[in-house]
Structure formats: C-alpha cells, structure tokens
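Structure first, then comments.
The values are calculated or read from the model by the stated rules, or taken from the named source; none is laboratory data. What you see is a predicted model, and the numbers here were worked out from it, not measured in a lab. Reconstructed Cβ throughout: ideal geometry from the backbone, glycine too, with neighbour counts over all protein chains shown.
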Amino acid sequence: MRVANRKRVLVTGGAGFLGSHLCERLLNENCDVLCLDNFYSGTKDNVAHLLNNPFFELIRHDVTFPLYVEVDEIFNLACPASPIHYQWDPVQTTKTSVHGAINMLGLAKRTKAKIFQASTSEVYGDPEVHPQPESYWGRVNPIGIRSCYDEGKRCAETLFFDYRRQHGLEIKVVRIFNTYGPRMHPNDGRVVSNFIVQALRGEDITIYGDGLQSRSFCYVDDLIEGFMRMMASPQEVTGPINMGNPDEFTIRQLAETILAMVGGTSKLVFKPLPQDDPRQRQPDITVARTVLGWQPQVRLAAGLEPTIAYFREVLDLGGKG
Ligand code: NAD
Ligand code: UDP
Ligand code: UDP
C-alpha cells in the first residue's frame, strides 16, 4: 500500500556511481526508493548502507526486459558509462540504452510517471563547436567502437521525445558531462580515478599526450542537485539540458593537484595520446543556469578531498597513502 505523501521513485542503475548517490538523496527527501540494477558495472557495496532503510528496496533486474511496478517517478540511469565497461559487451550496451528506454517509457506511459533520462555529452561526439550548447546536433561516428554508447544514448533521446509527442509523457532529459566523486570505479580507466589510484599506490602518474588537453570535472553532489531540480521543474521543461562544471583544467594541472593532495613519491610519465582524444571538453550550462537556477558549487580541490578519502578506504591503504 502507498504511504501518504511518500513519492515512489524508481532508479534504474541505482547501484552504480551516480545512482547510489541519487538513491541516498531521494531517501533523505522522504521518497520510497526502488533501486533496480543488474550489477553489470555497479555493485551491492554501493548501496549496502541503505539496505536497512525500510523505504529502500533493491531489485536485481535487467532493464532490457519489461518491468511491472507502480511508481510516480523514474530516473533512468542504467547503462555502463566508461569505455572499458561499455566496450566489453557493446551489443548489450546498445540494448540497455534502446530496449531499456522503451521498457521504462512503456512503464511511464502505463503509470503516468514522470521520467528522467541520464543522457551524455557523448551525444555531441567529436564536436566542431566549443563549448557545446544543447542546440548543437553533434558529430558522431555511427560505426566505431564508441558508437554503441553514443548512438544508443542518441536513440534513447529520440525515443523520449517521440513518447512525449506521441503519448504525451512528461520527460526530463539531461546531458551529463564528466563527473567524479566517491564510488567511482577504481578500474574504469577514467582520468580522475586513474590518477588518484596511481598517486595512492605510489605508482607513476600516466599522462596521455602532452597533458595540455583540458577537461571540466563536476562533483557528484552538484550533479545530483541538478537532477533533483530537473525532475521538479515545470512540465514544459523537457531538456535536453547540459549539466557539468564549466571550470576547465588541463590534465597536467589535474595530475599536479592530485599529487599535491595525496603526497607521496609518484612521478609524472607521458604516454601516447589515445586516438580521437578530444583536445577540450567544456559544458555550456547557460540553459541549466537560466531554466533551473543551477550551477556547480564545489571547486575541484574540495571535491577531490572526499574522493581521495574514498579510494584510500577501498584500496585498503588506511592512512598510509
Ligand atoms: P555506473 O556504471 O556506475 O552505473 C550504471 C549502472 O547501471 C550500474 O550499476 C550498472 O550495473 C547498471 N546497469 C547497466 N546495464 C544495466 C541493465 N541492462 N539493466 C540494469 N542495470 C544496468 O555509471 P555512472 O557513472 O553512475 O552512470 C550512470 C548514468 O549516467 C549512465 O546512464 C551514464 O551513461 C550516465 N553518464 C554518466 C557520466 C559520468 O561522468 N559518470 C557522464 C555522462 C553520462
Ligand atoms: N512495459 C513495461 N512495463 C510496463 C508497461 C510496458 O516494461 O508497465 C514495456 C512493454 O514490455 C513494452 C514496452 O514497455 O514492450 C513499451 O510499451 P508501450 O506501451 O509503449 O508499447 P507496446 O506495449 O504497445 O509495445
Ligand atoms: N587521461 C590521461 N591519463 C589517464 C587517463 C586519461 O592523461 O590515465 C586523459 C585522456 O587522454 C583524456 C583525459 O585524460 O585526455 C580525460 O580522460 P577520461 O577517459 O577520464 O574522459 P574523456 O576523455 O571521456 O573526457
């Protein structure tokens, strides 16, 4: 039976990095949370601390199969996010984005739930426009090794907008840019996790190329605040809306900052730059600022602190660094 005033919220991919933070936030806001995950790239560890909460329910399920539950809101986050994870089983990656979107949209249609899609800056592909506004259509290779992710997410966006036009669904689409924080995967090959793990282990810090390429990193708490504002926005706000932190750093600056914070003896070493590595990526968040009054609050050093503490704990290095 439904408890009065407690919103029933489904989070797909809820045992992942972003999903676990979102579940926590929703519980803090007195929601009844249904966390769905097939543990492809997420783990029970990420939500173990929530299992005793009577308003938290964890179900093992693959979004590519239908799901019949009664909910008021759906956050659709299920999808591996780092190249190492999504390229491991590319067909399953496309299925997760496309069949997953169809099932969750079908569920939203039947239950009249509001539905949120975690899209990505990767829909812009290798862009000719910097920074990328939402109106930019992108430059994506349809047959390359990243296509399972990029095109899967693009097709999911198409489905969201067609379900809105055809069936009147209330949709919320957010394009997420590089985000970091506790519960990132230590082995996902991303620059923030790589550098922190290398620094903590006293290994060389691997800079690809000259390290002068730049990225913008958003702390997870800022992003989740953006998700909450988006879900609570008026019906006509559908997105897509970019979310990320526009503060730009070179990869070398990131390495030096992490090294200074961790201490230790790691040296910077230079490795070949991967193919198609973008020189620069920065979100244009004018729309999120104007429409949602949202912008990131956490500076890089402030966000790196809890992230480093998290990795110290999971790598079991105690206080040794
Ligand atoms: P993550 O890998 O930690 O989380 C994804 C979760 O989805 C995992 O728990 C995984 O087990 C689950 N999952 C995968 N396939 C599934 C399936 N078929 N059925 C059910 N569950 C499934 O990654 P994340 O960083 O938390 O990303 C969450 C969402 O945000 C993803 O959709 C991702 O594309 C998007 N995103 C993340 C970032 C970022 O910087 N972290 C950037 C852009 C977009
Ligand atoms: N679906 C689901 N849960 C529901 C309703 C639908 O998983 O509560 C799935 C269903 O399996 C279907 C998909 O969502 O394949 C799309 O549903 P829709 O109603 O749009 O299409 P149809 O059922 O007409 O194919
Ligand atoms: N990078 C690096 N060393 C690493 C991992 C990544 O120099 O150990 C670089 C990578 O070449 C890219 C940037 O850091 O220029 C960001 O890489 P990531 O995979 O985190 O994100 P994306 O390229 O998708 O923005």
Top-ranked residue of region 1-45 - restricted to ones that are away from ligand 1 (no atom under 14 Å from the Cβ) and among the β-branched types (V, I, T), ranked as farthest from H61 (Cα to Cα)
V3
Just checking, does region 74-87 include any residue being free of Cβ contacts under 8 Å to residues at least 60 places away in the same chain and away from ligand 3 (no atom under 16 Å from the Cβ)?
no
Here is a list of conditions, (1) outside any loop (DSSP other than H, G, I, E, B); (2) surrounded by fewer than 16 Cβ atoms within 10 Å (Cβ to Cβ), and D276 meets all of them except one; can you say which number that is?
(1)
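Condition test on F177, is it hydrophobic (A, V, I, L, M, F, W, C), closer than 23 Å to E248 by Cα and in contact with a Pro (Cβ under 7 Å, 6 or more places away or on another chain)?
Yes.
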Quick one: P234 ticks every box in (1) closer than 14 Å to I285 by Cα; (2) without any contact (Cβ under 8 Å) to a residue 12 or more places away in the chain bar one, so which box is it?
(1)
Anything in region 22-57 that is part of a helix (DSSP H, G or I) and within 17 Å of V314 (Cα to Cα)? List them, or say none.
K44, D45, N46, V47, A48, H49
For P83, only one of the following conditions fails: (1) at pLDDT 95 or above; (2) farther than 18 Å from G239 by Cβ; (3) crowded, with 16+ Cβ neighbours inside 10 Å. What is its number?
(1)
Tell me which of these F39 doesn't satisfy, since it passes every other one: (1) more than 16 Å from ligand 2 (Cβ to nearest atom); (2) touching a Leu at 6+ places or on another chain (Cβ under 8 Å).
(2)
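Say we look at region 167-185 and pick out the residues that are out of contact with any strand residue (DSSP E or B) (no Cβ under 9 Å at 6 or more places or on another chain) and closer than 14 Å to V220 by Cα; which of these is farthest from ligand 1 (Cβ to nearest atom)?
Per the criteria, the residue is P182.
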Just to be sure, is A288 touching a strand residue (DSSP E or B) at 6+ places or on another chain (Cβ under 6 Å), farther than 30 Å from V173 by Cα and assigned to a helix (DSSP H, G or I)?
no
Tell me yes or no: at least one residue of region 75-98 is assigned to a strand (DSSP E or B), more than 13 Å from ligand 2 (Cβ to nearest atom), more than 30 Å from R279 (Cβ to Cβ) and more than 18 Å from the chain's Cα centre (by Cα).
no
Counting only residues that are farther than 26 Å from E225 by Cα and of a type in the set (V, I, T), which one in region 110-155 is surrounded by the fewest Cβ atoms within 10 Å (Cβ to Cβ)?
I143
From the residues in region 38-50 that are surrounded by fewer than 19 Cβ atoms within 10 Å (Cβ to Cβ) and either closer than 15 Å to V11 by Cα or among the hydroxyl-bearing types (S, T, Y) (or both), which one is nearest to ligand 3 (Cβ to nearest atom)?
T43
Among the candidates V47, V11, V3, which residue alone is in contact with a helix residue (DSSP H, G or I) (Cβ under 9 Å, 6 or more places away or on another chain) and either at pLDDT below 95 or within 21 Å of I171 (Cβ to Cβ) (or both)?
V11
Counting just the residues of region 108-137 that are assigned to a loop (DSSP other than H, G, I, E, B), at pLDDT below 95 and touching an Asp or Glu at 6+ places or on another chain (Cβ under 8 Å), which one comes out farthest from A288 (Cα to Cα)?
D126
Quick check, is G263 within 21 Å of the chain's Cα centre (by Cα) and on the phi > 0 side of the Ramachandran plot?
no
Determine if region 58-66 includes at least one residue that is of a type outside the set (A, V, I, L, M, F, W, C), out of contact with any strand residue (DSSP E or B) (no Cβ under 9 Å at 6 or more places or on another chain), away from ligand 3 (no atom under 16 Å from the Cβ) and under 27 Å from L315 (Cβ atoms).
no
